[in-house]
Every structure is written in C-alpha cells, then in structure tokens.
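One structure below.
Readers should treat all values here as calculations from the given coordinates under stated rules, not as data from a laboratory. Remember, it's a predicted structure, so these values are computed and weren't measured experimentally. Counting neighbours? That spans all protein chains shown, and the Cβs are built from the backbone with ideal geometry, glycine included.
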Amino acid sequence: MLVSAEEMLTKAKAGKYAVGQFNINNLEWTKAILLTAQELNSPVILGVSEGAGKYMCGYKTVVGMVNGMLEELGITVPVALHLDHGSYEGAKACIEAGFSSIMFDGSHYPIEENVEKTKELVAICKEKGMSIEAEVGSIGGEEDGVVGAGECADPEECKMVADLGVTMLAAGIGNIHGKYPDNWAGLSFETLAAVQEKTGTMPLVLHGGTGIPEDMIKKAISLGVSKINVNTECQLSFQEATRAYIEAGKDLEGKGFDPRKLLAPGTEAIKATVKEKMELFGSVGKA
Ligand code: 13P
C-alpha cells in the first residue's frame, strides 16, 4: 500500500539520513526502483513530473501501475507516490487519482495567491493523510540551453511557508536540476543552516541530486536535508547502458528485437544508480 512520506521523512530527519526520491518515466524505471528499495530494505519516494504523468497516460494509470507492482512484486518497504513540481490543477488531479504525496510549486503566483492555494491543498492533504511539499527560492537548471544559477531561499520566507502546515520544504540553496556547470559555486551551507534554524524539525528537501559531490550531500544531510531528488542521473545511466548494448551490436544477436531484452541493460543500470544513492543517503536498512 502506498504511504504518505511524512513518517519516513520524520524518521530520516531524526536519524540524520535522507530518503531518495527517484523520478519514474515508465514501467521499467518503476520496477527497477521498487526492487532496489526492497532489496536494500530502504524507504523510497517515486517522483512523477507532470510531463512523465502525461507520457504514462495520466495519473490514474500511474497509480494503477504502482499499486499493482507493490502487490505483485511483494514490496513491503514504505513507498510514497509523489507529484514532482506540481501545478495547482495537477496537484488536485493527483489527489483524486490516488497519489500519496504531492509537491505544489506555486512560486509563479503572487504571494497571496500562492499562500491561499497552498493552505487549501494542505487542508485536503491532511484530511486524506497525504504529505505535501512546498518550494521556496527557485531551483535553477538548464532550459533551452541556458543554465540558470540556483537561487538561495530567504529563511524568513521558508518559515512562513513551513508554518502553513506543509510536510516538507524544498529550499533553494544554489542547487539546480540537471548537470552542474563547471563553474558552479556549490551548495550554500550558510543558507541551509539558516533555513534549518528557522524551520526546526521540518524535513528539508534537496532537488537536483544529480552530480552533487558526496561530501556536499553528506554535509547537507547533517544540516537537516532528509529527502534528496534524483532524476537526471538515472536517465544518464539508462542512456549509457542502452547505447553500449546497441553499439556492441547485441541488439542484433538472437532475439535482439525483443523490447524486454533491449531495455534490460538500462534497467539494470538504473538499479545500480539507485543502490549507490541509497547507500550514500544512508537509507539502507531503514525501512
Ligand atoms: P536532477 O535531475 O538534477 O537529478 O534533479 C531531480 C529533481 O530535483 C526532481 O525534482
């Protein structure tokens, strides 16, 4: 059964480790992540962007697929199904469809409207036993070839949003989605420490988990980060393994046209990436 991310993140914050959010795109991705979490006895969060949700035919299909896998793969570790960077409409649709967690990214609304919508969604999530994530300070990244720097969140604003009753808070600390540019300044631990001081026991979320050096990940966890999002790194390992398989001509051997065979090396590569991250984040054995 899907669970809210609240309990797993409260435990992570207290135990000074982080739960990984791994984004899913299809059946293979989902199966690889769930099997790895089960094998390592780790809690896990499956992230679904609005685009990935559309690709997988819509949120109801995603819920059906994940619930089916939990049962048929015998998954017993805590699993949350979480909308990643959701719009107001997307958040409502995921609540309806049976997700167990949502992120509402209302930063493009005027602050009053953002607060009002966040409050409304917090109330619905509380009633349904779901977790809700909010974001303060934009998380940069590559868009149309332009790499934007990650903005640092204002700790006062973080406190204000945390006080609306959200379960977890993504505060921008110089992190960005996708690959980090060579001249990246690194994470702002000063901002993180200030946010942590203002928000107390609230689990903090680090987006853009791909390519952050290990020592920075460990320091961020020690300063209150208890959820780390990873997407690009799984995509890169999938791509690399699939390309190697094709370039070696293996897809042309025997029943190489079989899509199950073609997707297998990439799926194994995702498993290895997820394992590496769970070990780094310290969530192994914490289910
Ligand atoms: P990366 O793609 O950089 O791993 O970031 C993932 C993320 O933050 C999803 O919300």
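Some notes on this structure:
- For region 198-273, applying the loop criterion from DSSP together with a ceiling of 15 other beta carbons within 10 Å to the chymotrypsin sites (Phe, Trp or Tyr not before Pro) yields Phe257.
- Amide proton proximity set for Val3, modelled H, under 5 Å, gap of 5+: Val79, Ala80, Leu81
- Span per principal axis, largest first, for the Cα atoms of the chain (Å): 61, 43, 38
- Proximal charge balance of Met56 [Cβ under 15 Å; K/R count +1, D/E count -1]: 0
- Volume of the convex hull of region 65-183 (Cα atoms only), normalised per residue: 146 Å³.
- Cβ-derived FRET efficiency at R0 25 Å, Glu39 paired with Ala248, nearest 0.05: 0.40
- If R0 is taken as 45 Å, the Cβ-Cβ distance between Asn183 and Phe257 corresponds to a FRET efficiency of 0.50.
- Pairs exceeding a 18 Å alpha-carbon distance, out of Lys92/Lys128; Lys16/Lys286; Lys31/Lys218; Lys54/Lys117; Lys179/Lys271; Lys31/Lys271: Lys31/Lys218; Lys54/Lys117; Lys179/Lys271.
- Region 98-214: relative contact order in percent, alpha carbon pairs under 8 Å with at least 6 residues between: 24
- For region 1-76, the Cα-based Rg and Dmax, in that order, read 12.7, 38 Å.
- Annotation: peptides 43-52, 120-129, 270-279, 201-210, ranked by per-residue average of other Cβ atoms within 10 Å with the highest first, follow the order 201-210, 43-52, 270-279, 120-129.
- For region 97-212, with +1 on Lys and Arg beta carbons and -1 on Asp and Glu, the positive-most of Phe189, Met202, Ser107 along the dipole: Met202
- Fewest-first sequence of Asp182, Asp105, Asp163, Asp251 by Cβ atoms within 10 Å of each Cβ: Asp182, Asp163, Asp251, Asp105
- Here the Debye sum runs over all C-alpha atoms of region 1-135 as equal scatterers in vacuum, and log10 of I(q)/I(0) at q = 0.09, 0.15, 0.18 Å⁻¹ comes out as -0.25, -0.69, -0.97.
- The calculated 222 nm mean residue ellipticity attributable to helices in the chain amounts to -15000 deg cm²/dmol, summing -39500 (n - 2.57) over DSSP H runs of n ≥ 4 and dividing by all residues.
- Simple spin-label estimate for His108 and Glu156 in nanometres, 7 Å along Cα-Cβ: 2.8
- Sorted from greatest to least, the principal axis extents spanned by the alpha carbons of region 171-266 come out as 60, 30, 18 Å.
- By DSSP, the beta bridges lying fully in region 65-193 are antiparallel in about 20 percent of cases.
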